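First up is the structure itself, then whatever we jot down about it.
The values are calculated or read from the model by the stated rules, or taken from the named source; none is laboratory data. The structure displayed is predicted, hence computed values, not measured ones. Counting neighbours? That spans all protein chains shown, and the Cβs are built from the backbone with ideal geometry, glycine included. What goes into the accessible areas is simple: the full protein's heavy atoms, side chains included, and nothing from ligands, DNA or RNA. Shrake-Rupley method; radii C 1.70, N 1.55, O 1.52, S 1.80 Å.
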Amino acid sequence: MEGRSHLLVGLTAGVVLDSFVHFSGDPLTVAKTVTLALLVKKAVFYGAVGFGALLPDIDNARSTLGRKFGAVSKTIQRLAGHRTLFHSILGLVLGSLLAIGLEQVVIFLLDQRGLQVPAHLISTSHLVFYGVLFGSIMHIAADSLTVGGVPLFWPIHKRFGFPPDPDWRFTTGTWREYVIVWGFMILVAFAIWQQMIII
Ligand SMILES: [Zn+2]
């Protein structure tokens, strides 16, 4: 799936998730007062979801994110290959552990110097974490709809997709991809209009 499609699917799915769990604070339509802090929180959440929605394709030097990361992306593609670790459950787990570990190291190092990380910074870092994780999950879910499928249980190479018959899936960049992406967005827009989903 193309980078732009991943971004649109990820952000739209982010709206659905946020409607139910309110990661980014009160929905704007029901918030008593819309503060700058609330808007910043929403921007951080959706920024993180958007980044996460592109992140797994860092293993492809020609992808939207891969082009930005140049040598890093080329090295990952050479060592791991496209649609391997970065499109698997193992990748999600390792990435999450890395992020959690990094946060603990930063907290520890600051603590050693007698500094305490303010609570709002910790909660922002958690918001970024959940946003990136959710975006990445949506990326892998969206790629599973393509003919190639995804190696969910990598290092086992078997690829999975939905529907299970690859003939029912679409090839990246074809009209079917746009129908699915726009169909999903229109569905969510309809749900927002019907107030089944609140933003
Ligand atoms: Zn991908």
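Before moving on, here are some points about what is shown:
- Residue that is assigned to a loop (DSSP other than H, G, I, E, B) and within 16 Å of the ligand (Cβ to nearest atom), where the choices are G81, G25, G91, G52: G81
- The condition of being closer than 30 Å to I76 by Cβ, within 16 Å of the ligand (Cβ to nearest atom) and in a helix (DSSP H, G or I) holds for only one of G10, G14, G47, that being G10.
- Extreme residue, farthest from the ligand (Cβ to nearest atom), among residues of segment 55-78 that are assigned to a helix (DSSP H, G or I), among the small types (G, A, S) and closer than 16 Å to H6 by Cβ: S73
- Every pair of residues 6+ apart whose Cβ atoms lie under 9 Å, when the first sits in segment 134-161 and is touching a residue at least 60 places away in the same chain (Cβ under 8 Å) and farther than 15 Å from S5 by Cβ while the second is away from the ligand (no atom under 13 Å from the Cβ) and assigned to a loop (DSSP other than H, G, I, E, B): F134/F23; P151/H157; P151/K158; L152/K158
- When segment 29-50 is filtered for residues that are over 15 Å from H120 (Cα atoms), open to solvent by less than 70 Å² (accessible area, probe 1.4 Å) and in contact (Cβ under 8 Å) with a residue 40 or more places away in the chain, the ones remaining, listed by number, are Y46, G47, A48, V49, G50.
- F134 being more than 23 Å from the chain's Cα centre (by Cα) and either within 16 Å of the ligand (Cβ to nearest atom) or open to solvent by 50 Å² or more (accessible area, probe 1.4 Å) (or both): no
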